[in-house]
Amino acid sequence: MVKVKVHLQPLVGNINLPTVLKTAILPGDNAERLFIATQIGEIFYIGDGAIETFLDIRPRVLELGGSSGGYDERGLLGLAFHPDFYKNGLFYLHYSVAGSQGPGALPSSFKPDPCDPATLNLKWTNREMQYNHIDTVEEWIYQSNAQPQKRRTLLSIRRPFLNHNGVNSLNFSPENGKLVLTTGDGGAGFDPFNLSQDDMEIAGKIIEIDVAVNTLNDNPPVITRFQELPVSFQETLTVIAKGVRNITGISFQRFNSQYVKYVGNVGQDVVESIFSFVDYKPIPVTKLIQSSMMNTEPEQEGFINFGWRGWEGALPTSVVSNCTVNPALNEKIIAYYDETITTSVKRLPPLISYFHQDPRSDKFGATALTGVQPYMGNEIPDLKGSVVFTDLARNEEAPPPVRGAFSYTTVRADCKLQDFSVIDIDYDFGSKSAYFVSLGTNLDQTRLYLGVYGSMKVADHYQGTVFEIIP
């Protein structure tokens, strides 16, 4: 693959951790603006060379970084603008609700033991009490002569653990105009309750929401399973995919008359993966519920399964531990052997996998995938038509400061497994760490934006910079 070098042009500095970067045209305006959502609940846009506040929902977002020592995966995680935002002012938010903290679904950390069946078949019980927090998906409206206002709640989801709530989790499908919500498996590592493969669980899925439907109810109950929703809300939902661990959103790339969909699935201990697909057949939630009630398998031809928790990308999910004989090596044991076998032919193979430990000199050791975007611009010709992605931090035995990674892969028409190439970045971050926390693009995918933060702790404020990636 061609070796590519890019530069970074700073656009905004000294902001809080940026979780979403995307552009939109405000009603009554004629310029495409870059919008920046921060994890703690601020939304800004860049206009006329200055940064303007679009919305501040910090009082609505739960306090982040307290019990976790500053690291947190909750907060404002999703922002999406309606395809007709310029006309109707509608936009959508996904965030963790202030005051909704609970004790969590397990009393301690979790790791499966293949020798102990009890650790392989845990159930999430007492859900109304044993949960970590509540996430909400809401519809808001912007009017040029007033502050944005909340219109209605689309979903309220009780989450079992602090992590794996998704990020850049709301995007509109250009194919059908539906709002797409990407949810993580609920967290704790290794999906202890196997929520991602359970058809009734909201966790670990990609869900389409038909926002054009009026449910005649603006306040759905807080739930964890689809059948707990009123029928009017069930009828607005279809499920595209399951087997999700933690997703960095979904992106769409147009080729002729069809769209290729890209999904980045964050790995456990071994590998990060990007999946792609063109054709799919979503299943209405009402049909999933009907099949569950009749104890039958729903028709799943064309339904996407990423394979988690039996598969971590292209590999069987493994428990990694130090070798007692040779501490320099790792022992890897298949964590869920039976599930690996069961889902082996049902799962979608990834377009690309890259590894936490990679001996190849032209690659890097991964930490966590943080963004996937197609690039269709002409300014960086060697990247045109490719898919670019970011990793939080290079997992290398090197002294601080930390650096994120930026890479690309070419696209095959058959969506088969590909290799990737690391992109060189010509920018001096100085002595500060630079975690690559988000990746965005403009409406026609001809510009790329990178969110960088100086710490992994959301409670370390104002250490963020947003760059445009330029030739």
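Across the stretch 164-200, the number of residues qualifying as more than 24 Å from VAL20 (Cβ to Cβ) and surrounded by fewer than 21 Cβ atoms within 10 Å (Cβ to Cβ) comes to 4. If you go through the stretch 227-246 and keep only what is of a type outside the set (D, E, K, R) and surrounded by 16 or more Cβ atoms within 10 Å (Cβ to Cβ), you end up with LEU229, PHE233, GLN234, THR236, LEU237, THR238, VAL239, ILE240, ALA241, GLY243, VAL244, ASN246.
Please specify each residue of the stretch 243-275 satisfying the condition of being polar (S, T, N, Q) and touching a strand residue (DSSP E or B) at 6+ places or on another chain (Cβ under 9 Å).
ASN246, THR248, SER251, GLN253, ASN265, GLN268, SER273
GLU312 satisfies every condition listed in (1) surrounded by fewer than 16 Cβ atoms within 10 Å (Cβ to Cβ); (2) under 20 Å from LYS111 (Cβ atoms) except (1).
The residues of the stretch 451-471 that are part of a strand (DSSP E or B) and out of contact with any Asp or Glu (no Cβ under 8 Å at 6 or more places or on another chain), listed by number, are GLY451, VAL452, TYR453, GLY464, THR465, VAL466, PHE467, GLU468, ILE469. Among the residues of the stretch 105-114, not a single one is within 26 Å of ILE57 (Cα to Cα) and free of Cβ contacts under 8 Å to residues at least 12 places away in the same chain.
Counting only residues that are open to solvent by less than 90 Å² (accessible area, probe 1.4 Å), over 12 Å from PRO114 (Cα atoms) and either aliphatic (A, V, I, L, M) or free of Cβ contacts under 8 Å to residues at least 60 places away in the same chain (or both), the stretch 330-346 holds 5 of them. Restricting the search to the stretch 138-161, which residues are open to solvent by 30 Å² or more (accessible area, probe 1.4 Å) and part of a loop (DSSP other than H, G, I, E, B)? Correct list: SER144, ASN145. Residue pairs whose Cβ atoms lie under 7 Å apart, separated by 6 or more positions or on different chains, with the first residue in the stretch 452-471 and of a type in the set (Val, Ile, Thr) and the second modelled with pLDDT under 95, are VAL458/GLY65; VAL458/GLY70. Just one of the numbered conditions (1) of a type in the set (A, V, I, L, M); (2) in contact with a helix residue (DSSP H, G or I) (Cβ under 7 Å, 6 or more places away or on another chain); (3) farther than 17 Å from GLU468 by Cα is not true of VAL4: (3). One residue stands out in the stretch 366-411 among those that are free of Cβ contacts under 8 Å to residues at least 24 places away in the same chain and of a type outside the set (A, V, I, L, M): the one that is most open to solvent (accessible area, probe 1.4 Å), namely GLU397.
For the stretch 290-308, the condition holds for at least one residue, the condition being that it is at positive phi and free of Cβ contacts under 8 Å to residues at least 60 places away in the same chain. Taken over the stretch 171-195, the criterion of being of a type outside the set (A, V, I, L, M, F, W, C) and more than 14 Å from the chain's Cα centre (by Cα) is satisfied by SER173, PRO174, GLU175, ASN176, GLY177, LYS178, GLY189, ASP191, PRO192, ASN194.
The values are calculated or read from the model by the stated rules, or taken from the named source; none is laboratory data. If you're wondering where the values come from, they're calculated on a predicted model, not measured in any experiment. Every residue, glycine among them, receives a Cβ derived from its backbone with ideal geometry; neighbour counts consider all protein chains shown. All accessible areas refer to the heavy atoms of the entire protein, side chains included, with ligands and DNA or RNA removed. Shrake-Rupley method; radii C 1.70, N 1.55, O 1.52, S 1.80 Å.
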